[in-house]
Amino acid sequence: MSRQNIGKKARKKSLFLGILDSFSSSLYKKISSSATGHFFSCKRESADSPGFLEKIGLSGVSKKLHAFRRAVSRTIETSRILKAVQNFVSGLVETRLKVYGWFLLSFGIYSGAVSLFRFFITGITDPDFIEYACSISSVIVSVPLLYSKKTLIQALSENRFTRYLITDVIGFRDSQFERLVGSRGKSSIAFVAGLLLGLCSYLLNPLELLMFIPFAAAAYLVLCVPEFGIMIILFIIPVSSVDALLKIVIYTSVSYFIKLFRGKRIITLRTPDVLMILFSAMLLFGGRYSAAQSDSSGTALTMAGLLLAYFVCVNLLNTPELLRRACKILIASSMIVSLIRIYFYFESAFSGAEQITVNAGDRIASVLGSPSVLSQYSVIMLPVALAMLISEQSVRERLLDFIACILIVADITISMSGSAWIAAGIGVLVFLFFLSRKTVTAAVFGGLAVTAVHFAMPPSVIEKISGVNSFIDLAAADRPFIWTTVSKISKDYFFTGIGVGNEAFAQVFPLYSGYGLNDVYHAHNLFMQVLVELGIFGLIVLAVIAVSSCRDWLSFGVRADGGSRNMVLGGMCAVIASLIQGFMTHTWYSYRIFLLFWIVFAMTSAFSRIRQSSDYLEETVRYHDSSFAQIDINT
């Protein structure tokens, strides 16, 4: 007998299960037939409309613009500088590993000699061991390279991991490996280059000199393939500094716009995208006119710069393969972050720290610098990992996604953040609810199971949990007073806001605070923070962006099926979970969470637009196609 028939018989025999099943079915029907359900599932606008210039009757201007772009593209394609750079890079990948070995050997010997010279001659009492480690490592790595007969491209293509990075992560095709079959490089030139670079370590750090080469190669790859820049951003969000992320986002955006102008990529603007442009402009305006203009200007420029990642992601990640690749990189990064967090947690537990789950000082921050920020990161990632788990077909991929889900759940559990627990729980329930109406029944049984487990717990465990609850209550004790003060500020700055940035908030808040809370830098509520910084219009624009996007995502989820539907629902629930947590804390206090939120937002929109765009062609993401950029605005 099939499982489906067994379930039907069980529901018929059990009055309780029958009532739950009927309730779930009626709830789904009510939501679908209600005005809200109709609004969120109505047919979305077609993407077949003409471009913006054609819409406003300037087709002649559009043709001249296309002709101008073609002329500029031909000039760039025939540029001698571009040809020289391409030949130089081709020469590097076709160089024999033996040549690189001579370079590293020379660099290691002379940089080590320079370090010893500075130690003995200049009398440095505190030597930098990183310099010595870099020199010794260069010499050690050079030994196997000196005996290799392969070129760099041959070694990269024959290794499974590096080939995966080049083809699946960066995006180069297998046919491009076949073009690079030459063997170049002279050992003498490489040895002299290593010598000169090693002598330069007297003025510069040898590690920075050595890392300049892979960084320059990565910069060139991003210029050729802007999608690779997105993959880098997704992987380093938890570990990189905000300045580095901002620079990479801007550089990737510039690479994308260069490709767009040359006709190698497309841009599509829809209603949420136009509103995002408006929201970015309001951020810049809030930085220009602020209670603390010097601090607010930098904050506004940083946030507007990071928002460029939204437009780049929503236009470049326009195939299921690219989007799944991006999701895998996000999940891989979150797994590493969770493992590090769990490691530090248990290290503190076994090192003799008492009350690890209660004391604020024992909340492990790991790589994001704050336990609350790390919990916000995990709240966004959990629905994405669940969607990937359900969407994957192979057993190996599902196993990896299952492990990722377990690690993220463990990370949220030990975060000691009540807002993270609530937001993650709601996000998962909403995701499962849209996947199956049986979620209501499962949620009821889950609640009963949790209640039963609570009564079966030993007194020591219950005392531990009570300590956690007391800590959470203590952390949130001041928030009602903060929210009351923020409400007073919002009344006086209802339309204009006080400006963007912590310094502006810190200057205005003490003027309205009557509770002795002066060292407060944000409202501990995302929506109140947006209201007090940008005014009511900023909050309205943000709400319209969220509602209109959820409408598009649900419209896609109702009509689509398979993996794309699951990914759209997972991304939507990640956004919902983050916004729910925003009611309890200021989730955009960290620029990295702000960036991750809008990237996941953009990826979800990109998933929902793929199958609904009738003018979509797979060639638009080929890296060497001859099509010209298209600008399409659907509002």
Plugging the Cβ-Cβ distance of F88 and S188 into 1/(1 + (r/R0)^6) at R0 = 25 Å yields, to the nearest 0.05, a FRET efficiency of 0.85
Of the residues A291, L269, A304, the Cα lying farthest along the dipole of segment 247-306 towards its positive end, which is defined by charges on the beta carbon of Lys, Arg, Asp and Glu, belongs to L269
L204 and Q507 label points (each 7 Å along its Cα→Cβ direction) are spaced in nm at 4.0
For A560, the residues 5 or more places away or on another chain with a placed amide H closer than 5 Å to its own amide H are none
Stretched fully, the stretch from E397 through D128 gains (0.36 nm per residue minus C-alpha distance, one decimal, in nm) 92.5 nm
Here the Cα Rg-to-2.2 N^0.38 Å ratio for segment 244-303 is 1.38
For L269, other-chain or 5+-apart residues with amide H closer than 5 Å (H placed, Pro excluded) are D632, I633, N634
Flagged as over-length at 24 Å C-alpha distance, from K98/K328; K83/K186; K83/K259; K63/K247; K83/K328, the pairs are K98/K328; K63/K247; K83/K328
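Bear in mind that the values in this text are calculations on the coordinates, not laboratory data. Note that the coordinates shown come from a computational prediction; the quantities given were computed from them, not determined experimentally. Backbone-built Cβ (ideal geometry, glycine too); neighbour counts: all protein chains shown.
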